[in-house]
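Notes follow once the structure below has been shown.
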Amino acid sequence: MNKKFKSALKISLSLLLAGLLVWYSLSKTSIPQLLEYFKNANYFWIGLGVFFGLLSHLSRAYRWRFQLEPMGYNIRLGNSIMAVFATYIINYTLPRAGEVARATVLTNYEGVPFEKSFGTIVSERLADMLVMIGIISVALFLQFDVISSQFLQKTKELDISTNYVLASVVISLLLIILLTFTIKRRKTKIAIKIKSILSGLLEGVTSILKMKKKWAFIFHTLFIWGLYILMFYVTSFSLEETSQIPFTAILIGFIFASFSIAMTNGGIGSYPEAIVIAFTLFGLPEDPSRAFGWIMWTSQTLMVIVLGGLSLFFLPIYNKAYPKQTSE
């Protein structure tokens, strides 16, 4: 099985799953009724949500530069912004493929070794994960009774799955230790190449610890996630039915929706259903919950498609017009 076929198969299966999720979501509602929600929505709040989403992406692009500076790379902001938007649009075809493309952009146009730029992306994801854990902790603290009562009935299944997860983690750690020990002792060309890649990846991951602008990085990390929540919150005012739901419901909905994006192609089809699950915990009917999910997902996706498409188009043009200046 050649690489092109495997790549095409992955994309096809990924898009097929996305299509099935869209079909499932739309089968749960009346299309004319869904369109009515779109027609009656207050687009001021939707536009404001898109604006906050745009600011968060720009902040992410600006924050990335802090991580690369300790390694001696002063990348241009234009390339950083376009690389970030390219990431999001590519993730709609294959989950997490955008991160690889984002690192590749810096390799091609800024001369940053792939393993180093990818390492910085891994480290920023770790920082984002810590903030997400904080948001989940706040949501659990505020609505522990509601959430625990919904999942208590599935304790047995969770126990079984937890055992599998723990076993997988232990086996994975043992394999990593064995592989590291083996590579360390080998002197072959392949082993040396792997060491070089792992060294670059480690340097990228630990870039957060070496950066001069740690506080600026922390500020932008909190700023990004604050904007994420804010764009979700203000968009809820676009529908009369969702404008009165408590802020804790917004937090739960945001968490569920975020996981749907991470697990599928940009949340295609799964995003509205994740919000339905979250909002119905608080007694909101399915139809307005699903409509809000589709409005939220559609508005943010349109922004990503437009700006991501323009980024992919202008990246080679921009770098041809303004080539990277190399120091002697």
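The values are calculated or read from the model by the stated rules, or taken from the named source; none is laboratory data. Since the structure is predicted, the reported quantities are computational estimates derived from the model, not experimental observations. Counting neighbours? That spans all protein chains shown, and the Cβs are built from the backbone with ideal geometry, glycine included.
Quick notes on this one:
- If only residues of the range 62-117 that are under 18 Å from the mean Cα position of the chain (by Cα) and of a type in the set (Phe, Trp, Tyr) are counted, the one that is farthest from HIS220 (Cα to Cα) is TYR92.
- Listed conditions (1) more than 20 Å from PHE52 (Cβ to Cβ); (2) outside any loop (DSSP other than H, G, I, E, B); (3) β-branched (Val, Ile, Thr) are all met by ILE295, apart from (1).
- Filter result (over 23 Å from LEU58 (Cα atoms) and either among the aromatic types (Phe, Trp, Tyr) or under 20 Å from the mean Cα position of the chain (by Cα) (or both)) within the range 278-311: ALA278, PHE279, PHE282, PHE292, GLY293, TRP294
- In the range 242-276, the residues that are part of a loop (DSSP other than H, G, I, E, B) and farther than 25 Å from LEU20 by Cα: THR242, SER243, GLN244, ILE245, PRO246
- Top-ranked residue in the range 198-224 [being loosely packed, with under 15 Cβ neighbours inside 10 Å and basic (Lys, Arg); ranked as modelled with the highest pLDDT]: LYS214
- For THR104, the conditions (1) in contact (Cβ under 8 Å) with a residue 24 or more places away in the chain; (2) part of a helix (DSSP H, G or I); (3) surrounded by fewer than 18 Cβ atoms within 10 Å (Cβ to Cβ) are fulfilled apart from (1).
- For the range 107-130, the tally of residues that are outside any helix (DSSP H, G or I) and either at negative phi or among the aromatic types (Phe, Trp, Tyr) (or both) stands at 2.
- Those residues of the range 33-77 which are surrounded by 21 or more Cβ atoms within 10 Å (Cβ to Cβ) and not in a helix (DSSP H, G or I), in sequence order: ILE75
- Where PHE279 falls short, out of the listed (1) touching a residue at least 40 places away in the same chain (Cβ under 8 Å); (2) assigned to a helix (DSSP H, G or I); (3) not hydroxyl-bearing (Ser, Thr, Tyr): (1)
- Inter-residue pairs, beta-carbon under 8 Å, first more than 15 Å from THR298 (Cα to Cα) and in the range 28-43, second aromatic (Phe, Trp, Tyr), 6+ apart: none
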